[in-house]
């Protein structure tokens with residue numbers, strides 16, 4: 001009798017195990033779901049976020065970076081493009097594992113979303129630079145020659161989350177003992193700022209601050225004609241395109257991401273696709289304001 005009962009129990013356990021295995025096979029495991037990475041692209045020089053008016057410029061193909069990271073990490077990578085983190089997360093069901101974009105804008109959006117991030121690397125541009133600046137521009141007929149001449153001028157700054165068009169140029173004006181206009185006037189984009197500037201009457205003393213990376217695009221897209229504007233000043237450099245990761249990743253995962261990014265510089269076609277001279281430079285706090293990849297690699 002005991003032998004019969006034991007046999008029945010063994011059979012029941014086996015059947016139960018088969019049933020559980022079948023249920024498990026019917027739905028994806030949590031581990032396989034977590035393996036998918038969402039790469040949010042907020043870089044204003046990414047192809048879907050920029051105009052194609054200047055050949056070979058501001059047409060970065062981040063879908064190729066997604067494919068590359070998939071090969072390096074052995075994980076699916078879903079690439080989402082958006083001008084803001086909020087818009088991106090609406091597209092990705094709230095997921096944002098890796099985020100690449102203008103340093104100050106990403107941090108501002110992440111703060112609003114209450115998302116803690118860790119900077120991993122900076123992307124070099126075609127001149128091997130990793131920073132951008134704010135350029136003070138006036139109409140070519142304007143008498144101003146330097147930043148010192150902007151006293152009493154109407155100045156169009158950029159949004160507060162764009163350091164190169166807000167904090168950095170304001171600091172430069174302060175250094176030159178120029179009082180900021182009250183209220184501070186801002187334009188949502190570089191193109192909007194220069195169009196507004198050009199539409200002002202010739203009797204209005206005015207200047208605009210634009211991002212250094214955007215200067216070639218303004219003429220290329222027809223926002224201004226060649227020779228319409230003059231640059232009379234430049235702010236100190238600030239970090240430009242930075243790739244961040246969710247701070248909740250393990251140390252091992254962050255190291256794996258960093259190692260994969262290091263390999264970008266060894267892949268010729270990917271350098272072309274991302275319009276970069278040498279790929280990514282590891283993020284280091286003491287090198288945050290270094291102007292080139294070479295400077296970033298120097299020991300402090």
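Every condition in (1) under 27 Å from residue 52 (Cα atoms); (2) modelled with pLDDT of 95 or more holds for residue 263 except the one numbered (1).
Screening the candidates 204, 231, 179, 194 for the property of being surrounded by fewer than 16 Cβ atoms within 10 Å (Cβ to Cβ), assigned by TED's automatic domain parsing to the domain that holds residue 143 and outside any loop (DSSP other than H, G, I, E, B) yields one hit, 231.
Has segment 105-118 got at least one residue that is assigned to a loop (DSSP other than H, G, I, E, B), touching a residue at least 24 places away in the same chain (Cβ under 8 Å), assigned by TED's automatic domain parsing to the domain that holds residue 249 and under 18 Å from residue 132 (Cβ atoms)? Lay out the reasoning, then the answer.
Kept after step one, since they are assigned to a loop (DSSP other than H, G, I, E, B), are these residues of segment 105-118: 114-116.
Next, from what is left, pick out any that are touching a residue at least 24 places away in the same chain (Cβ under 8 Å): 115-116.
Those left that are additionally assigned by TED's automatic domain parsing to the domain that holds residue 249: 115-116.
Among the residues that remain, those that are also under 18 Å from residue 132 (Cβ atoms) are: none.
No - not one qualifying residue is present in segment 105-118.
Does residue 203 satisfy the criteria of being closer than 30 Å to residue 156 by Cα and touching a residue at least 60 places away in the same chain (Cβ under 8 Å)? Walk me through how you get there before you give the answer.
Numbers: closer than 30 Å to residue 156 by Cα: yes; touching a residue at least 60 places away in the same chain (Cβ under 8 Å): no.
Spelling it out, it is not the case that residue 203 is closer than 30 Å to residue 156 by Cα and touching a residue at least 60 places away in the same chain (Cβ under 8 Å).
All of 70, 95 fail the test of being in a loop (DSSP other than H, G, I, E, B), in contact with a strand residue (DSSP E or B) (Cβ under 8 Å, 6 or more places away or on another chain) and in the same structural domain as residue 273 (by TED's automatic domain parsing), apart from 95.
The values are calculated or read from the model by the stated rules, or taken from the named source; none is laboratory data. Not measured: the values here are computed from a predicted model. No Cβ is skipped: glycine too gets one built from the backbone with ideal geometry, and neighbour counts run over all protein chains shown.
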